[in-house]
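A.B. asks: First the structure, then my questions, so here it is.
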Amino acid sequence: MRISKPAGEEQLATIEACGILKEVPKKLHSKAVSGMKIKVRQYAEEEIIFSEEEVIDSIAILHSGTVRGEKFYLEGSVDLMYMYQRGEIFGAEAAVSRRKTSPLTYVANEEAVVLLADFSSIQRSDYSRQLLLALLHILADDNIKKLYKIETLSKRGLRDRIMTYLRIMGRKTGRDTFSIHMDREQFAQYLCVNRSALSYELNQMKRDGLIDFKKDKFKLL
């Protein structure tokens, strides 16, 4: 069940974290947010937020929970493309495109609260130049995420795919120990492999002293 209401001060920190206010002076953040006409919506676990090919006219900012971006195929298979965390934007590429249709299906991975910023209101805002510039930077960062996945899937062997992804995560976090925020089934979908094969290879890599892990937390050795 969705509950919709206007965004308030409690959501301001999340909006700031997503980066869209980066070019706006700090003292003007509240005023800029007010002009974006942001609505707050709650989603239950496994509830669809946007369906593939659905027309999207808002930019979604994740306030709490996690969201999966998935690609469904006619034969029934599903690829996990991205996992979104608090303070990240999703669906923006659709809202700013000519067709405005979603390239993926976005699903609440758990109970989630999403902030929806109307794109036409952003364009009409007194701070439209600053907001659109920041949005351009966010979309560029999102494009880099896509390149990370291409780099990972370009590896032929499963072990190479796993190590490539984990090394990318290590570089992004700046740490040898980090969480990938995916369970085994989701990680297997992301790597486009069978879950059993992934579990077997992870255990082999652990025995070989390459990695250590517990649930979704990994350590590069």
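The values are calculated or read from the model by the stated rules, or taken from the named source; none is laboratory data. The model shown is predicted, which means the values in this text are computed figures rather than measured ones. Cβ atoms come from the backbone with ideal geometry, glycine included; neighbour counts cover every protein chain shown.
A.B. asks: Under 6 Å by Cβ, and 6 or more places apart or on different chains, what pairs join a residue from the range 140-160 that is touching a residue at least 24 places away in the same chain (Cβ under 8 Å) with one that is assigned to a helix (DSSP H, G or I) and of a type in the set (S, T, N, Q)?
C.D. replies: If the second residue must be assigned to a helix (DSSP H, G or I) and of a type in the set (S, T, N, Q), the pairs left are Thr152/Thr164.
A.B. asks: Given the criterion over 21 Å from the mean Cα position of the chain (by Cα), surrounded by fewer than 18 Cβ atoms within 10 Å (Cβ to Cβ) and either under 17 Å from Leu116 (Cβ atoms) or in the same structural domain as Ser121 (by TED's automatic domain parsing) (or both), identify the matching residue among Gly76, Gly87, Gly19.
C.D. replies: Result: Gly76 is the single residue among Gly76, Gly87, Gly19 that is over 21 Å from the mean Cα position of the chain (by Cα), surrounded by fewer than 18 Cβ atoms within 10 Å (Cβ to Cβ) and either under 17 Å from Leu116 (Cβ atoms) or in the same structural domain as Ser121 (by TED's automatic domain parsing) (or both).
A.B. asks: Next question, about the same structure. Scan the range 138-147 and tell me whether some residue there is closer than 18 Å to Asp57 by Cα and in contact with a helix residue (DSSP H, G or I) (Cβ under 8 Å, 6 or more places away or on another chain).
C.D. replies: yes
A.B. asks: Mind checking which residues of the range 162-198 are closer than 19 Å to Leu221 by Cβ, of a type in the set (A, V, I, L, M) and without any contact (Cβ under 8 Å) to a residue 24 or more places away in the chain?
C.D. replies: Result: Ile168, single match.
A.B. asks: If you take the residues in the range 90-103 that are buried (at least 18 other Cβ atoms within 10 Å of the Cβ) and part of a loop (DSSP other than H, G, I, E, B), which one is farthest from the chain's Cα centre (by Cα)?
C.D. replies: Once the filter is applied, the top-ranked residue is Ser102.
A.B. asks: Give the range 63-73 a look and list any residue that's crowded, with 17+ Cβ neighbours inside 10 Å and either in contact with a Gly (Cβ under 7 Å, 6 or more places away or on another chain) or of a type in the set (Ser, Thr, Tyr) (or both), or say none.
C.D. replies: Thr66, the sole residue that qualifies.
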